[in-house]
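Before we start, here is the structure in question, set down as structure tokens.
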Amino acid sequence: MRVDIWSDIRCPFCYIGKRKFEAGLEMFPHKDQIEVNWHSFQLDPNLKTQTDISVYDYFVERKGVSPEQAVSMHRQVTQTAKDAGLQFNFDNTVVANSFNAHRLIQLAKTKGLGNEAEEQLFHAYFTAGKNIDDPETLVQTGVAAGMEPNEIREMLSSPAFEEEVKQDEQRAQTIGIRGVPFFVFNNQYAVSGAQAPETFTAALDQSFEEFKKENKIIISEAGDACAVDGNCN
């Protein structure tokens, strides 16, 4: 059964939501039958990478809050991340556009490494304080996820996977996604936001029951056949 997840590397609750989803998946008895598919979603497509300002200054300008409020709000998010087992270092966060990072994820998906790329990019942005719009940073991050450096450099020097990123975002609009993280289970049930692990487990349980019904094979036993014990009728 497939779980589709829309997220942005710059979204703190997407990283927190990833951890909570993973915790919920760990409690699901059929976790080995779950396929996770990551989708691109940019919270601010027009954002210009600015290495000379802090994330707090960006937040003040973007949200119109005071510097003190910006720091306080990020401290609250840092504590929420800590509760989920993550370390956020907003003092070192680089304000960067995430489009090329999403292209890297699209490349990774073609190799079955989408989840690994998401994890490495989240860590680079929120924990390591790396510029996720810097080509060499993306190469290093992609290598850490299991990809070849030359293939990443070739992708970054071309328009490869730009269309795939845009298609993901267009699909999000069609579905009506207005915020991330956004989880769709078996193309039927949705969970919005970084909710509790138990919420994800419940969604997995419910959607998996529907999945089994949809994929149930009806067998006619009227004909002659040989059983596994070698007994042939």
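For the stretch 178-197, name all the residues that are in contact with an Asp or Glu (Cβ under 9 Å, 6 or more places away or on another chain) and part of a loop (DSSP other than H, G, I, E, B). Steps first, please.
Looking only at the stretch 178-197, we keep the residues that are in contact with an Asp or Glu (Cβ under 9 Å, 6 or more places away or on another chain), and these are 180-189, 197.
Correct list: Val180, Pro181, Asn186, Asn187, Gln188.
A further question follows. Of the numbered conditions (1) surrounded by fewer than 20 Cβ atoms within 10 Å (Cβ to Cβ); (2) in contact (Cβ under 8 Å) with a residue 12 or more places away in the chain, Gln167 fails exactly one; give the number of that condition.
Of everything listed in (1) surrounded by fewer than 20 Cβ atoms within 10 Å (Cβ to Cβ); (2) in contact (Cβ under 8 Å) with a residue 12 or more places away in the chain, Gln167 misses just condition (2).
If Leu138 meets every condition in (1) modelled with pLDDT under 95; (2) buried (at least 20 other Cβ atoms within 10 Å of the Cβ) apart from one, which number is that one?
(1)
Yes/no matrix, rows are residues, columns are (1) more than 19 Å from Gln173 (Cβ to Cβ); (2) at pLDDT 95 or above; (3) out of contact with any helix residue (DSSP H, G or I) (no Cβ under 7 Å at 6 or more places or on another chain):
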residue: Lys20; (1), (2), (3): yes, yes, no
residue: Leu25; (1), (2), (3): yes, yes, no
residue: Pro29; (1), (2), (3): yes, yes, yes
residue: Val36; (1), (2), (3): yes, yes, no
residue: Phe41; (1), (2), (3): no, yes, no
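Conditions (1) among the small types (Gly, Ala, Ser); (2) within 22 Å of Met155 (Cβ to Cβ); (3) surrounded by 12 or more Cβ atoms within 10 Å (Cβ to Cβ), marked per residue:
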| residue | (1), (2), (3) |
| --- | --- |
| Ser40 | yes, yes, yes |
| Asp57 | no, no, yes |
| Val60 | no, no, yes |
| Asn100 | no, yes, yes |
| Gln106 | no, yes, yes |
| Lys111 | no, yes, yes |
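Can you tell which of Asp134, Asp52, Asp91, Asp57 is closer than 23 Å to Gly17 by Cα and among the acidic types (Asp, Glu)?
Asp91
Can you pull out the residues in the stretch 133-169 that are assigned to a loop (DSSP other than H, G, I, E, B) and under 15 Å from the mean Cα position of the chain (by Cα)?
Taking the stretch 133-169 and keeping what is assigned to a loop (DSSP other than H, G, I, E, B), we get 133-134, 145-148, 157-161.
Hit for the stretch 133-169 is Ala145, nothing else.
Something else about it: With the requirement that a residue be among the acidic types (Asp, Glu) and touching a Leu at 6+ places or on another chain (Cβ under 6 Å), what does the stretch 8-39 give you? Even if it seems obvious, please write down each step before you answer.
Step one: filter the stretch 8-39 for residues among the acidic types (Asp, Glu), giving 8, 22, 26, 32, 35.
Within the stretch 8-39, Asp8 is the sole residue that qualifies.
Go through (1) touching a Pro at 6+ places or on another chain (Cβ under 9 Å); (2) assigned to a helix (DSSP H, G or I); (3) hydrophobic (A, V, I, L, M, F, W, C) and name the single condition Phe200 misses.
(1)
So, in the stretch 107-132, exactly how many residues are charged (D, E, K, R), part of a loop (DSSP other than H, G, I, E, B) and touching a residue at least 60 places away in the same chain (Cβ under 8 Å)? Can you show your working first?
Start the filter on the stretch 107-132 by keeping residues that are charged (D, E, K, R), which leaves 109, 111, 116, 118-119, 130.
With the extra rule that they be part of a loop (DSSP other than H, G, I, E, B), the set shrinks to 111, 130.
Restricting the remaining residues to those that are touching a residue at least 60 places away in the same chain (Cβ under 8 Å) gives none.
Qualifying residue count for the region: 0.
Suppose we keep only residues that are modelled with pLDDT of 85 or more and hydrophobic (A, V, I, L, M, F, W, C) within the stretch 194-233. Which one would you say is nearest to Ala81 (Cα to Cα)?
My answer is Ala194.
Related question: Is the stretch 47-61 home to any residue that is out of contact with any strand residue (DSSP E or B) (no Cβ under 7 Å at 6 or more places or on another chain), free of Cβ contacts under 8 Å to residues at least 40 places away in the same chain and closer than 20 Å to Gly179 by Cα?
Taking every residue of the stretch 47-61 in turn, at least one turns out to be out of contact with any strand residue (DSSP E or B) (no Cβ under 7 Å at 6 or more places or on another chain), free of Cβ contacts under 8 Å to residues at least 40 places away in the same chain and closer than 20 Å to Gly179 by Cα.
The values are calculated or read from the model by the stated rules, or taken from the named source; none is laboratory data. Everything numeric in this text was worked out from a predicted model, so none of it was measured. Here Cβ is always computed from backbone atoms with ideal geometry, including for glycine, and neighbour counts include all displayed protein chains.
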